């Protein structure tokens, strides 16, 4: 991290991705409808009932296909947002970038506590950067489904300032973190994160190693 350094869309392009995904499903559905209509016209009276039943089934299938396509498109758009969040915002903590990626009313759940607001989020980020001037969050895995993106991070840094009530020790820290982000309209509206605090405190020497 720079200072604005490190502690954890393009709207037109991302919108195009979502529309493209939805459009593909819609095109498939339109093709199904056309086939069903042709089959119904060509059918005899004795098979009309079956054709009608199949058309109903086809309609249900089209709705399901469109829902899956739209859900997949949304997930991919959200994943792109988080790829930018982790590569652009996390290394800098820049408030201008925060406005791009983080809702002003974001709700954060950290270590059994709940806090709210983008300014509060930025305060936490700034405190982490002060504690670990060389803080780095490495994305090890990222999965997206619907409006949620899950990320597994590796956190590294040198403990140079106050953190969790412990003054700087100069010790190198390495820990894992997991976070679930919920997005709406291209911005993070909720984060649930769990950092390996026990491991960090042990590495700082704040508590005995087991």
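The values are calculated or read from the model by the stated rules, or taken from the named source; none is laboratory data. Since the model is a prediction, treat every value here as computed from it, not as a measurement. A quick note on method: Cβ atoms are made from the backbone with ideal geometry, for glycine too, and the neighbour counts reach across all protein chains shown.
Per-structure values
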| item | result |
| --- | --- |
| Count of residues meeting criterion [touching a strand residue (DSSP E or B) at 6+ places or on another chain (Cβ under 6 Å) and assigned to a strand (DSSP E or B)] in the stretch 181-210 | 11 |
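One line per residue, one yes/no per condition, for (1) under 14 Å from the mean Cα position of the chain (by Cα); (2) part of a loop (DSSP other than H, G, I, E, B); (3) closer than 17 Å to residue 195 by Cβ; (4) modelled with pLDDT of 95 or more:
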site	(1), (2), (3), (4)
105	no, no, no, yes
114	no, no, yes, yes
149	yes, no, no, yes
179	yes, no, yes, yes
